[in-house]
Structures are given as structure tokens and as C-alpha cells.
Amino acid sequence: MRRASGTLKPWLAAWERRTGHLSDLRLAGAAAEWEYELLGDSLPWSVHWYENDEEEMRADLVAWLLGHAAPRLRESGASEDLRHRIRLLGLTGEARWTDRHWPGHRY
């Protein structure tokens, strides 16, 4: 998805339109897979092309997770731990690492 276009926005917009139980399960699975790297301020995959802006892609993904995915995770019954880890993406620096729900990741 991200390698084909260099931007996540069209892919995330398409995922927004796909709703339902299966889409929500895939969303929860992706969020669980991505949260470790995102909490470490990295993308959860490698960006090899020099014309791609990795920080912009990460910011777009985090904004989407916080704005669109968070309510879907809550409504779909995703674990409370996962929902807190996604919420932590909205915090920076010490506020993130000292939050009582910080999972203890070390980078």
C-alpha cells in the first residue's frame, strides 16, 4: 500500500469506508502490530525511496489512528491495553513515557 504511492492518505481513506466486524478485526490487528514502532516515533515498516517523507507518513498514520481508528477500536471491543497504547500516540516526550499506561517498551 504505502510503497505503491508514497502516501498513506488514499489507503487510509479507503479503509475508513470499509466498516463492519471483519474490517474492525483487521484494524485491531494492524494497530497491535504497529503500536510498538509508532510509540518509538518510527514507522512500522521500512521506507526505502528517498522521495518519501517518512515523518509525514508516520504523522498521517498516527493522526488517522487517533482520529478514525480509536473510536472503532473502542466500539469493536479491542483490548483496553491496545486502546491505551493508541491513545499514547497523541502524547509526546515525558508525558508519553510517564503515563500510567505506558507499556514499558524500550527502544
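The values are calculated or read from the model by the stated rules, or taken from the named source; none is laboratory data. Here the structure is a predicted model, which is why all the values come from computation and not from measurement. We place every Cβ from the backbone using ideal geometry, glycine too, and count neighbours over all the protein chains shown. Areas reflect the complete protein model, heavy atoms only, side chains present, ligands, DNA and RNA absent. Shrake-Rupley method; radii C 1.70, N 1.55, O 1.52, S 1.80 Å.
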task = Roll a 1.4 angstrom probe over the protein heavy atoms and tell me the percent of accessible area of the chain that is carbon or sulfur.
result = 50 percent
request  = Sum -39500 (n - 2.57) across every DSSP H segment of at least 4 residues in the chain, then divide by the residue count to get the 222 nm mean residue ellipticity, nearest 500.
outcome  = -17000 deg cm²/dmol
note = Computed ³J(HN,Hα) along the stretch 59-68: with the Karplus parameters 6.51/-1.76/1.60, θ = phi - 60°, integer Hz and x for glycine or proline, the list is 4, 5, 5, 4, 4, 5, 4, 6, x, 9
key: Reduced Cα scattering model of the stretch 61-107, Debye log10 I(q)/I(0), q = 0.13, 0.15, 0.24, 0.25 Å⁻¹   = -0.29, -0.38, -0.88, -0.93
task = Sum up the charges of everything whose Cβ sits under 10 Å from the Cβ of Ala31, counting Lys and Arg as +1 and Asp and Glu as -1, but leave Ala31 out.
result = +2
ask   = For the pair Val47 and Glu80, what calculated FRET efficiency results from E = 1/(1 + (r/R0)^6), where r is the Cβ-Cβ distance and R0 = 30 Å, to the nearest 0.05?
value = 0.45
task = Enumerate the residues in the stretch 12-53 having an amide nitrogen under 11 Å from the point lying 7 Å beyond the Cα of His68 toward its Cβ.
result = 12-19
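Using a/c under 1.5 as the rounded threshold, could you call the chain rounded, prolate or oblate? The axes a ≥ b ≥ c are square roots of the C-alpha gyration tensor eigenvalues, and prolate needs a/b larger than b/c, oblate otherwise. Mind showing how you got there, number by number?
Numbers: a/c = 2.07, a/b = 1.09, b/c = 1.90.
The shape class here is oblate.
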